[in-house]
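Quick note: the coordinates plus some simple rules give every number you see, no bench work behind them. Predicted, not measured: the structure shown is a model, and the values here were computed from it. So basically every Cβ, Gly included, is an ideal-geometry build from the backbone, and we count neighbours across all protein chains shown.
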Amino acid sequence: MKKFIYSLFICSSAFVGSLNALEFGYMGNQAFGMGGSGVGVAHSPFSAYYNPALQSVDKGFKIGYSLGVRLKENNLSELSKIPLSSIADINALNNILQDNSMTMTSENGVALQIPIFLGPSLSSSIGIGLFYTKRGSVNFTGNITSGTDINSATNAYIITNGLDIVELPLSYAIRISSAVGHFHIGASAKYIFAQHSLVSEKFSDNTVISDSITKAFSASGGVSTNTYGIDIGLAYSLPLDVFVIGVVGKNLNSPDINTSGIDGLKLDSQYRLGISTKVIPMTTIALDVDLKPNIEFKGLGNGMPKDKVQYVSLGGMFNAGIFDFRLGVAKNILKGDEGWLISGGLGFTFIDISIFSNTNLVKINNVKMPSEFGVKIGGGFSF
């Protein structure tokens, strides 16, 4: 079984490419490399995603793209230690089967920002984007009542979920200048297409884990939804962006998503506050805080607990014009044993790479690896 769990972790990394309020995402490379801080940071093509009001903080033309994948393991390292053909402690196995997951999230997008000048004290900007988030989860479930061989159990299953969400936002922001600073108001109306699939299979010691991963990430059927979402953002900035503060509410209408199982899915609203400063030349320092908990995606129809997440992130960026360098940290303040997320990025205009890793290490098949890690490539330019 150890090699099967190990193959689950490794094979999932080959795929590029809860629930209620899904956790705040990491669209674009800039925020990803700064610990996720983006709600108060201007000068990003992905302002329409993080806070539409930021489009009018920086009035330039922008275009950007980003592709990436994140992986997260929960309790599978413990499951890999149990010989499933000769189970010594049924209670220990059952405890793991009540809460485990491998989740995979691929966030990909392109964004365009176009400035519109209205006068000396008024200006605005239009944003257009295409954001595609693909989620997959694999869970081992069951309650073994007797016996020492998983193959003889009648209620042990592997549950795989696939959830695709495509967003097409059209955003608008206006900037009102005054003697005490600039005030920014922005909103996004976005078309949402979602598709969910769920597959349940018998769990045995001979299970081919890679097949479950493939089903989670390449599901072509499932139940579809066509709906819409509303995001609203506010921001205040001082000249030269010496100080920027922003707040955003996403999915304020809480759209419903049809699912393949008995569990329902509603994209509840998300609220986040962001602050940034450029008081140091060529440097941006930013802080983001989730204003309410969200629910971590661990699949549907699997009986797994709905873990709450609420992140605080701190990031910095040094921008020398021809390149920029980013570092960041983030922490889920509701679950201290997850460790810290450490991120970084290096960009050269149209070529950019960002990575992050959890400080919480787990051992799978005698190999230590972070319980969560991710990578993104992307780029963009502005003028």
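If we count other beta carbons within 10 Å of each Cβ, what is the order of Lys81, Lys62, fewest first?
Lys81, Lys62
Positive end of the charge dipole of the chain (Lys, Arg +1 and Asp, Glu -1 on Cβ, about the Cα centre): tell me which of Thr349, Ser260, Gln30 has its Cα farthest that way.
Thr349
Would you mind checking Lys215/Lys250; Lys134/Lys306; Lys190/Lys215; Lys72/Lys363; Lys81/Lys134; Lys306/Lys335 for any pair whose Cα atoms are more than 21 angstrom apart?
Table pairs above 21 Å Cα-Cα are Lys215/Lys250; Lys190/Lys215; Lys81/Lys134.
Which Cα, out of Ser125, Asn251, Val329, lies furthest along the positive dipole direction of segment 2-376 (beta carbon charges, K/R +1, D/E -1)?
Ser125
Could you put Ile159, Ile322, Ile114, Ile342 in order, starting from the residue whose Cβ has the fewest other Cβ atoms within 10 Å?
Working: Ile159 24, Ile322 8, Ile114 14, Ile342 17.
Lowest count first: Ile322, Ile114, Ile342, Ile159.
Compute the whole-percent fraction of alpha carbon pairs in the chain spaced more than 31 Å apart.
Counting every Cα pair in the chain, those more than 31 Å apart make up 37 percent.
Where does the chain land at 222 nm, in deg cm²/dmol rounded to the nearest 500, when only DSSP H runs of n ≥ 4 count, each adding -39500 (n - 2.57), divided by all residues?
-2500 deg cm²/dmol
For segment 242-383, what size does the Cα cloud have along each of its three principal axes, sorted from largest down, in whole Å?
Largest to smallest, the principal-axis extents are 53, 47, 29 Å.
Principal axis extents for segment 52-137, Cα atoms only, whole Å, descending order, please.
In descending order, the Cα extents are 76, 21, 13 Å.
What does the charge add up to near Gly68, with Lys and Arg as +1, Asp and Glu as -1, over the other residues with Cβ less than 12 Å from its Cβ?
Taking every other residue near Gly68 into account, the sum is +1.
Where nothing but the Cβ of Lys and Arg (+1) and of Asp and Glu (-1) is charged, how large is the charge dipole of the chain around its Cα centre, in debye to the nearest 20?
Magnitude of the dipole: close to 460 debye.
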